[in-house]
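First the structure, in the form of structure tokens, and then the observations on it.
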Amino acid sequence: MGLAMPVPYGDGEIGRSPLFLLGVVSRNIESKEEAVSRFRNHIVWVPKYRYRILVDGIREVTETGIQAICGYAGCEVVELNVQRDHVHLVVMVLPKVSISNLMGRVKGQTSMKLFNQFRELRKKPYWGNHFWAKEYCVDTVGLNAEMIRKYVRYQEKREKQEEQLRLD
């Protein structure tokens, strides 16, 4: 299995690549394949019984936990909003990461951390060692037409460059 690396563009900076505008750009070194993906998902989930408990320290621990878990999974948090009774997360996910696995990690690890840091939560009989409700809502966030046009233009330019190299 090949090692995936960021693809430098021009002077070596990823940020200037038209592909970077589309999202995650990686190159498999062994097969020299490039993958471009931008799977953005809007995910919403609630505490068990939709209690209005995501305030103060619980809110802060939840936010930092979500940021850390997503970062560890190789996902980029685009937007995060922890409200009193629900969480909104817009996250850019790599193709190899399934949403169900990511949400299992996020909900499981944040609930363990919350129960450890806020012991009074365990004393409530309604939690039953589950901080979050089982369900969550997820919807994809699409690309806009301009980004697709930039990608298509870049592909055409790249193919012409490769053709020129073959002729030389």
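Condition check ((1) assigned to a helix (DSSP H, G or I); (2) in contact with a helix residue (DSSP H, G or I) (Cβ under 9 Å, 6 or more places away or on another chain); (3) at pLDDT 90 or above) across all residues:
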{"residue": "L80", "(1), (2), (3)": "no, yes, yes"}
{"residue": "L89", "(1), (2), (3)": "no, yes, yes"}
{"residue": "T110", "(1), (2), (3)": "yes, yes, yes"}
{"residue": "T140", "(1), (2), (3)": "no, no, no"}
{"residue": "Q161", "(1), (2), (3)": "yes, no, no"}
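Restricting to the stretch 112-131, give me the number of residues that are assigned to a loop (DSSP other than H, G, I, E, B) and either buried (at least 17 other Cβ atoms within 10 Å of the Cβ) or acidic (D, E) (or both).
Taking the stretch 112-131 first, the residues assigned to a loop (DSSP other than H, G, I, E, B) are 118, 122-131.
Now drop any that are not either buried (at least 17 other Cβ atoms within 10 Å of the Cβ) or acidic (D, E) (or both), which leaves 127, 131.
Final tally of qualifying residues: 2.
Evaluation of K123 against the conditions (1) touching a strand residue (DSSP E or B) at 6+ places or on another chain (Cβ under 8 Å); (2) over 17 Å from E135 (Cα atoms) shows that the sole unmet condition is (1).
Are there any pairs with C-beta distances below 7 angstrom linking a residue in the stretch 38-65 that is at pLDDT below 90 to a residue that is assigned to a helix (DSSP H, G or I), with the two at least 6 apart or on different chains, and if so which? Within 7 Å, the pairs are R38/L22; N41/I99. Inspection of the stretch 71-87 identifies at least one residue that is closer than 18 Å to Y51 by Cα and of a type in the set (V, I, T). Of all residues in the stretch 52-86, those that are surrounded by 15 or more Cβ atoms within 10 Å (Cβ to Cβ) and more than 19 Å from the chain's Cα centre (by Cα) total 4.
The values are calculated or read from the model by the stated rules, or taken from the named source; none is laboratory data. The structure presented is a predicted model; accordingly, all values stated were derived computationally and were not measured. Here Cβ is always computed from backbone atoms with ideal geometry, including for glycine, and neighbour counts include all displayed protein chains.
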